[in-house]
């Protein structure tokens, strides 16, 4: 019974679907299927034309063309205004233009000194000095002990841009008595016979360059000195000295200098007691050298050629090595 109901329902639904497709007055649609032979063909495709490329690890330098502009672009630079830096160095000692000292002591001793000099200056410098020291006291049974010493000095120097020069003069006079004997035991010794006086006058002139560490210019220093010494009994001595140094700074290894020294001394001695005599002598020294050094060491290597003349001639050569 149940089977018959299901079949009846199915037929009813099929009839209803056919009726809905035809729909009233619409013609019946027909489907036709045409069978024919197989025709093979290839479909058209669009291929991508790409070739593999290996990327280089080195940068590629582009060709650049350079040219000069006929006219530079105007630029304006205005630096910032800053305050000047002031370096604080070591304090300089205060100098005084005038110095006076005096004193008085036992045995009628007198001391006096006066000095006048210039202060710090870039070009000129001078000084004047006088010193007196004497004693007029006496000591029993030893003879006359009086003495008198006087020293007078003056000097001037001027510094130019490339060189400097100076001159100095000195005069010394020393008066004394030989003592240490008992006048009562030696009545034949007169007081004037124990008296002696020495006088010495010196003069010096020097000239030198100021570019010591200039590898282009030569360094030079020249100094001449003369002095005359005499005593109360007619003995006198004259001495002339010349010192010259010429060198050049190279600084190839260790602040080295290559140069030479010249030294010349002339001496003339005249004695009138106990008999007249005259002796002259001279000596000349040539010293080529090579000098170098650092902050804590110095070394100078050279040779000395000595020429001398007095009663007979003399010549010698020997090495000179100085280090510290």
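Read-outs: derived from the displayed coordinates by stated rules, not from any lab. Nothing here was measured: the structure is a model prediction, and the numbers come from that model. We place every Cβ from the backbone using ideal geometry, glycine too, and count neighbours over all the protein chains shown.
General observations
- With R₀ fixed at 35 Å, the C-beta to C-beta distance from residue 99 to residue 235 puts the FRET efficiency at about 0.50.
- Sorting the Cα pairs of the chain by distance into bins of 10 Å, from 0 upward, gives 4, 10, 13, 14, 12, 8, 4, 3, 3, 3, 3, 2, 3, 3, 3, 3, 3, 2, 1, 0 percent per bin.
- Calculated FRET efficiency, residue 178 to residue 115, Cβ-Cβ distance, R0 = 30 Å: about 0.40 to the nearest 0.05.
- If R0 equals 35 Å, the separation of the Cβ atoms of residue 88 and residue 123 corresponds to a calculated FRET efficiency of about 0.85.
- Considering all different alpha carbon pairs of the stretch 193-324, the Kirkwood hydrodynamic radius works out to 17.7 Å.
- Size of the stretch 91-173 as Cα extents on the principal axes (Å, biggest first): 63, 28, 15
- Remark: the residue 220-residue 53 segment gains 52.4 nm on full extension, using 0.36 nm per residue and subtracting the alpha carbon distance.
- Simple label model, 7 Å out from Cα along Cβ direction - residue 316 to residue 160, nm: 3.9
- Full-stretch length increase - residue 270, residue 43 - with 0.36 nm per residue and alpha-carbon distance subtracted: 67.7 nm
- The ellipsoid that matches the Cα gyration tensor of the stretch 138-233 has semi-axes, each √(5λ) in whole angstrom, of 49, 11, 10, with the longest given first.
- Per-peptide average of other Cβ atoms within 10 Å, ordering 209-217, 185-193, 54-62, 226-234 highest first: 226-234, 209-217, 185-193, 54-62
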